[in-house]
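Taken together, the values in this text are just the output of simple stated rules run on the coordinates, not laboratory data. For clarity, every value in this text was computed on a predicted model and none was experimentally measured. Note: ideal-geometry Cβ built from the backbone for every residue, glycine included; neighbour counts use all protein chains shown.
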Amino acid sequence: MKGIFTNCLFGLVMAAMVCGTPASYAAAAAEPVHFKELLPFVELKLSGWEMSDKPSGATVKHEGFSMSEAKASFHAGDKTLEVIILDFMGQAMPWLGMLGKMEMESSEESIRTITIGGFKALETFRPKEKHGDLNISVADRFWVKVEGEGIDNTEPLKTAAGQMDLKKLATLAK
């Protein structure tokens, strides 16, 4: 079960996606980067991990709604990692930019903002569940999520994110 703080953050994300921000209205008209252009960013070679299947993705355009997703899954024994890139109507996670530096730790989970490859990220880890995720806002456009199950800490997430060429991804933000 997710902690109350994580549930609140999820609510903020959904509100930002639905309501947007004044700056996001102009960005919402942007066409998403086609998923085929995003696939190379999730095709990683992680030491000790095996890719579960070929990377996959989709681009959807429908009456004012458009998004692209590219993802790849990895496993190492009973541990799993999933790497996802979302381009949602030209808008990433506007709330992450407003979050500032923060850190929260409870008996259930720890949450903190960090920097990955020069981009702001939100790291969450729930030790009892051996579950963690890393949400990275790239160029105020792409939402990169690295999620792990069966992991003892967030190092595998940071290692995977560190192998992604996030600066090159940012150049696609037109």
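A compact table of results
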quantity: Low-density loop cleavage sites - trypsin sites (Lys or Arg not before Pro) in segment 121-157, where at most 15 other Cβ are within 10 Å (DSSP); calculated: Lys128, Lys130
quantity: All lysines inside 22 Å of Lys54 as judged from Cα atoms, apart from same-chain residues fewer than 8 positions distant; calculated: Lys36, Lys45, Lys71, Lys79, Lys145, Lys158, Lys168
